[in-house]
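The values are calculated or read from the model by the stated rules, or taken from the named source; none is laboratory data. If you're wondering where the values come from, they're calculated on a predicted model, not measured in any experiment. Cβ atoms come from the backbone with ideal geometry, glycine included; neighbour counts cover every protein chain shown.
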Amino acid sequence: MVETRLIDGKAFAETMRARLKDEVAAFVNETGVTPGLAVVLVGEDPASAVYVRNKGKQTLEAGMASIEHKLPADTAQDDVLALVRALNADDAVHGILVQLPLPAHIDAQAVLATIDPAKDVDGFHVVNAGRLAVGLDALVPCTPLGCVMLLRDTLGSLAGLEAVVVGRSNIVGKPLAQLLLREDCTVTIAHSRTRDLPGVCRRADILIGAVGRPEMIRGDWIKPGATVIDVGINRVAGADGKGRLVGDVAFAEAQGIAGAITPVPGGVGPMTIACLLANTLTAARRQVG
Ligand code: NDP
């Protein structure tokens, strides 16, 4: 029986945000420029509204400017593109984030492609995805970046470790696999068509769940001592009838098997905004020179 360590993403993200606040203050002092993050929200999706509110609050707390554009759900795609172009041209804006998902009548790829890659703090533009893939400096997607920070804090060097990423989305799975390759892991990307998923997972020294299926990854899929990063955020009905959040990993079953695991909530989630703020400062530094 292994003693399973909890990876406290909430505490890590708090420390990171405190450090960032000092770095932002030093940057403002040196350049006279306040880094600005513009967030575009189209429509009324309640989860997105909560994310955007938290992002705005934490941006201000870090000493940066928060610029929010809330557009009605029926906004025409051309109007969203025109707003993004205006933000590209605005010197007070160093980072642009368009909250996903967008309403069905808007082509998300067209919107993401319109963001200036230098201001693409979500790292979703093909230029940043391509730069990451070929090993050039890039603005890297926030959630995968947060996962790798937690892994390095937990394990030190990741070189030579077997990493299995379950999920191949452009936002999490694929960029995370690229980052783990950059850390010299041996990387497997698994997905809905993978054969013998439990067997593939059991190979992993580092096992990542980025699927969006509550507790799909069972305890006996985990190699004893493996480090488990649970990206999934799934709302399920609790025993009291109220909703509660669970990850993609059966957290209770992982106890005594995994060497370390992130909880949901309080694991990867808080790292995403901390990394977004870090990316905004990086983007501001590059733009101000
Ligand atoms: P997507 O729905 O875009 O991708 C899910 C991936 O999981 C797909 O690649 C899919 O495979 C794979 N998958 C689905 N079912 C299975 C299965 N039965 N077996 C193996 N693989 C499967 O999700 P995202 O990547 O956007 O998000 C994943 C999870 O992470 C969600 O719970 C989301 O809420 C959470 N999330 C958390 C964030 C945070 O902590 N801040 C940020 C972003 C996401 P295929 O490609 O074959 O369909």
Conditions (1) within 26 Å of Ala129 (Cβ to Cβ); (2) touching a strand residue (DSSP E or B) at 6+ places or on another chain (Cβ under 7 Å): number failed by Ala73: (1)
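Quick one: which residue in Val50, Val33, Val28 is part of a helix (DSSP H, G or I) and over 20 Å from Ala73 (Cα atoms)? Lay out the reasoning, then the answer.
Working: Val50 fails: over 20 Å from Ala73 (Cα atoms); Val33 fails: part of a helix (DSSP H, G or I).
Matching residue, one of Val50, Val33, Val28: Val28.
Could we say that Asp230 is within 24 Å of Met16 (Cβ to Cβ), of a type in the set (Asp, Glu) and touching a residue at least 40 places away in the same chain (Cβ under 8 Å) here?
Taking the combined requirement at face value, the residue does not satisfy it.
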State whether one or more residues within segment 124-134 are out of contact with any Gly (no Cβ under 6 Å at 6 or more places or on another chain), in contact (Cβ under 8 Å) with a residue 24 or more places away in the chain, part of a loop (DSSP other than H, G, I, E, B) and closer than 24 Å to Thr262 by Cβ. yes
Name the residue that is farthest from Lys10 (Cα to Cα), counting only residues in segment 230-263 that are part of a loop (DSSP other than H, G, I, E, B) and among the acidic types (Asp, Glu). Asp240
Find all pairs meeting these conditions: Cβ atoms under 9 angstrom apart; at least six residues apart or on different chains; first residue within segment 166-183 and farther than 14 Å from Cys142 by Cα; second residue more than 11 Å from the ligand (Cβ to nearest atom) and of a type in the set (D, E, K, R). Glu183/Arg152
If you go through segment 74-96, how many residues are surrounded by 14 or more Cβ atoms within 10 Å (Cβ to Cβ) and either under 22 Å from the mean Cα position of the chain (by Cα) or of a type outside the set (D, E, K, R) (or both)? 12
Residues being surrounded by 11 or more Cβ atoms within 10 Å (Cβ to Cβ), within 11 Å of the ligand (Cβ to nearest atom) and either small (Gly, Ala, Ser) or not in a helix (DSSP H, G or I) (or both): count how many of those fall in segment 187-229. 14
Looking only at segment 95-131, and only at residues there that are touching a Leu at 6+ places or on another chain (Cβ under 8 Å) and within 16 Å of the ligand (Cβ to nearest atom), the one that is farthest from Cys275 (Cα to Cα): Ala108
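Based on this model, can you work out whether Gly130 counts as surrounded by fewer than 15 Cβ atoms within 10 Å (Cβ to Cβ) and modelled with pLDDT of 95 or more? Don't jump to the end; show me each part of the working.
Working: surrounded by fewer than 15 Cβ atoms within 10 Å (Cβ to Cβ): yes; modelled with pLDDT of 95 or more: yes.
When the stated conditions are applied, Gly130 passes them.
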Filtering segment 163-172 down to residues that are buried (at least 18 other Cβ atoms within 10 Å of the Cβ) and either of a type in the set (Gly, Ala, Ser) or touching a strand residue (DSSP E or B) at 6+ places or on another chain (Cβ under 7 Å) (or both) yields Ala163, Val164, Val165, Val166, Gly167, Arg168
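Return yes when Asp90 is at negative phi, among the charged types (D, E, K, R) and assigned by TED's automatic domain parsing to the domain that holds Asp45 and no when it is not.
Working: at negative phi: yes; among the charged types (D, E, K, R): yes; assigned by TED's automatic domain parsing to the domain that holds Asp45: yes.
When the stated conditions are applied, Asp90 passes them.
Working only within segment 160-176, note down all residues that are among the charged types (D, E, K, R) and within 6 Å of the ligand (Cβ to nearest atom). Steps first, please.
Going through segment 160-176, the residues among the charged types (D, E, K, R) turn out to be 162, 168, 174.
Within segment 160-176, Arg168 is the sole residue that qualifies.
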Residues in segment 146-156: is at least one touching a Ser or Thr at 6+ places or on another chain (Cβ under 6 Å), closer than 20 Å to Ala129 by Cα and either within 11 Å of the ligand (Cβ to nearest atom) or modelled with pLDDT of 95 or more (or both)? yes
Residue list for segment 260-289, restricted to those being closer than 30 Å to Pro224 by Cα and away from the ligand (no atom under 14 Å from the Cβ): Ala260, Ile261
So which residues in segment 173-213 are among the charged types (D, E, K, R) and in contact with a strand residue (DSSP E or B) (Cβ under 6 Å, 6 or more places away or on another chain)? Arg203, Asp205
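Being under 18 Å from the mean Cα position of the chain (by Cα) and at pLDDT 95 or above narrows it down to one residue among Ile217, Ile171, Ile222; which is it?
Working: Ile217 fails: under 18 Å from the mean Cα position of the chain (by Cα); Ile222 fails: under 18 Å from the mean Cα position of the chain (by Cα).
Testing whether each residue is under 18 Å from the mean Cα position of the chain (by Cα) and at pLDDT 95 or above leaves just Ile171.
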